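Data first, discussion second: the structure below is written as structure tokens.
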Amino acid sequence: MRLANRCVLNHIPQVSGHRWLDTRASPDIARLSLGHFWPVLVNNDPIPATKTCSMSPPLVMIHGLMGSLNFFSAHERIPALVVHTPDLMGYGEEQDTPFEAITLASQTAHVVRYLREVVVEPCVLLAHSVGGAIAMLVARAAPDCVRGIINVEGNFTLEDAFWCRKIAALPTEDWHEEHRQLVGNPEAWLTNAGIAITPQRLEWARLALANQPRETIQPMAHAVVVETDTPDYMSRIRPTIESGTRLSLLAGARSASGWHMPDWAGAAALEYVEQKDTGHMMMLEDPDEFCRIVADMAGRINEASLSASRCQAPHQSAIPHKHRTITS
């Protein structure tokens, strides 16, 4: 597993031979997720790392079928959190993965390994689209690594996998031709999604479409269809949420009606938010607002987690679920 370019941190100055993380601008930053506890400056006064390790959990962002989630520089827009944007197997820096090895089980193991080896501490796991299915399986496989999930129009059922179903069913040659047209015309990709074209969005679309080879996309689409088309999938992920893994739900206002979110997920969620004037790719349309919402959600997940740890056994909610349907 490659570790480069996975976690972007703000500048860390050297002070008297020690490495410090200055939290005067962002006091919630408390611990670096690289396996080391370092002293922290709060108002120029050092405080022990052991007292700060739970103040702000890392944010790990899992991408969907195409693209990474590093294109909009979330680490700059959410300075109070350490942000990770790892590639799934077959994507970005992980393109040397054998395509036949791509399954939801292998992607789950890949993310769990990243959380244990790189992130080290319990995180807030944000997952978009296809990544949502993987995140739910990660929380089931490694609950000690996940403080909560921000599900951004993530796949719950096969009905959410309409594009995956189409790609998985295509003959290989037909898919290659469709992919050629897709990559060659990012303007059409944006227009079909109802996204107004700007130079910045067009550049981000090109980056997303180029982040993975066509040979990755089809087996990934097939894996999603195979996994979410069985009753066993829902029976595996539902107890994970209902037993206490904290869940926040985020949708684009234009695309929310097409998200087949089960009633039990809505009932268990801390909150449900719709981002105004956006669709399924809300982080591409309005990254600043997306990151503001995400930062708020991560804070509430952390608050619920800390309340539970003080009042009850782990993974039991110590505060009532608060449903806040917001058009931000």
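Nothing in this text is a laboratory measurement; each read-out follows from the coordinates by a stated rule. From a predicted model like this one, the values you see are computed outputs, not experimental measurements. Note that each Cβ is placed from the backbone with ideal geometry, even for glycine, and that neighbours are counted across all protein chains shown.
How large is the charge dipole for segment 116-159, taken about the Cα centre, if only the Cβ atoms of Lys, Arg (+1) and Asp, Glu (-1) carry charge, to the nearest 20 debye? Intermediate values should be presented prior to the final figure.
Numbers: 3 positive and 5 negative charges, 18 e Å.
The calculation lands at about 80 debye.
Give the Debye-formula value of log10 I(q)/I(0) at each listed q (0.20, 0.27, 0.32 Å⁻¹), with one equal scatterer per alpha carbon of segment 162-205, two decimals each.
-0.70, -0.95, -1.06
Excluding R214 itself, what net charge comes from residues whose Cβ is under 12 Å from its Cβ, given Lys and Arg +1 and Asp and Glu -1? Write out the running numbers ahead of the final one.
On the way: positive: R180; negative: E173, D174, E177, E178, E215.
Net of charged neighbours comes to -4.
Mind sorting E178, E117 by how few other Cβ atoms lie within 10 Å of their own Cβ, fewest first? Don't skip to the answer; put the middle values down first.
On the way: E178 14, E117 11.
By the 10 Å Cβ count, ascending, the order reads E117, E178.
Between H176 and S257, what's the calculated FRET efficiency when r is the beta-carbon distance and R0 is 30 Å? Round to 0.05.
Details: r = 33 Å, r/R0 = 1.09.
The value I calculate is 0.35.
Contact order normalised by length for segment 248-314, with contacts defined as Cα pairs under 8 Å and 6 or more residues apart; what percent is it? Could you put the intermediate results ahead of the total?
Working: 57 pairs, mean separation 22.2, N = 67.
Relative CO of segment 248-314 lands at 33 percent.
At what distance in nm do the modelled label points of S235 and D296 sit from each other, each positioned 7 Å from its Cα along Cα→Cβ?
3.9
If neighbour count is taken as other Cβ atoms inside 10 Å, put Y272, Y91 in order from fewest to most. Please report the intermediate quantities before stating the final value.
Details: Y272 19, Y91 23.
In increasing order of surrounding Cβ atoms, one gets Y272, Y91.
Just how far, in whole angstrom, is segment 156-226 from segment 88-134 if you go by their alpha carbon centroids?
Value for the Cα centre distance between the two parts: 19 Å.
Based on the alpha-carbon gyration tensor of segment 197-253 and its eigenvalue square roots a ≥ b ≥ c, which shape applies: rounded if a/c is under 1.5, prolate if not and a/b is larger than b/c, or oblate? Spell out each step's value before the answer.
Details: a/c = 3.56, a/b = 1.56, b/c = 2.28.
Oblate is the answer for segment 197-253, as a/c is 1.5 or above yet b/c matches or exceeds a/b.
What ranking of L247, L104, L202 emerges when the number of other C-beta atoms within 10 Å of each C-beta is taken as an exposure proxy, fewest first? Write out the running numbers ahead of the final one.
On the way: L247 25, L104 20, L202 15.
The order, fewest Cβ neighbours first, is L202, L104, L247.
Take peptides 125-138, 56-69 and line them up by average Cβ neighbours within 10 Å, highest first, as a rough protection proxy. Intermediate results must be reported in sequence, preceding the final value.
Numbers: 125-138: 27.1, 56-69: 24.7.
Output ranking for 125-138, 56-69: 125-138, 56-69.
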